[in-house]
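Remarks on the structure that follows.
No value in this document is a laboratory result; all are computed from the given coordinates. Note that the structure is predicted; figures quoted are calculated from it, not measured. Positions of Cβ are generated from backbone atoms using ideal geometry, with glycine treated the same way; all protein chains shown enter the neighbour counts.
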Amino acid sequence: MQKFTLAVGGALLALAQTACSDTPTPTSPTRGARSAVARADARTSDHVVSIHDACDGPTFMAQGVDCSRTSGVMFSQFIAELQARGSVGAWHFAPTNLMLQPGQSFSALNRGGEVHTFTEVAHFGGGIVPILNQLSGNPTPAPECLALSPDDFIPPGGSSDSDTPDEAGTELYQCCIHPWMRAMVTVKKG
Ligand SMILES: [Cu+2]
C-alpha cells in the first residue's frame, strides 16, 4: 500500500510540474481568472457534463495530490476501491451519455476538488499516471492523452472550452488522469 501511495503522489507531482512547465507563471490569480472565464463558458453552453470527484483534501495533499475539498474519500480508501473494482465511483462524468441536437454546444465543468481532463479520444485507453492506468486495467495510454497541452488540465471550478460538433455521430471523452472517467457525446442526425 505504501508503495502505491508514494507512486501515485510522485506521479501526480511530476505531472503537475510538467503541466506547468510551458506556462510563464501559474500563479493563483491567473488560475482564478481562467476559471471565471471557464465557468462563463459552461453557463453559455447548451449542455454541461459535470466532472465529479470526492477527494479528501488532507489525505490527498499528504500524498502530494492537489485537492481543494476539505473532506471526502480518504486517499487510502481511493486506492483500495481502485484496487478492488478498477474504478472509483465518486470520480465520474455525469451524464456518461450526452445526446445533442445538431448545432448544440456542450462543455465540461469541474465540480470536484482535483484537476481533471475532458479529452476526446478515438478509443478509450489509459492516461498519464502509470499507477492509475495499472490499477484501473488500462495499461496502454490513449495517444491523445500523451499529447496534452497545459490548457487541457481543468482545475476545480474550471471548465473545458465550449464545443459544437459539426457532424452527427458519437465522440468519446475520458479523463487522462483517471482513465475510468468516461463519457460519450452523441449528436443526432439533423
Ligand atoms: Cu480525472
Net charge within 10 Å of W91 by Cβ-Cβ distance, Lys/Arg positive one each and Asp/Glu negative one each, not counting W91 itself?
-3
Nearest-0.05 FRET efficiency for H123 and Q83, computed from C-beta distance (R0 35 Å):
0.90
Show the residues, 5+ positions off or on another chain, whose built amide H is closer than 5 Å to the amide H of H47.
S105, F106, S107
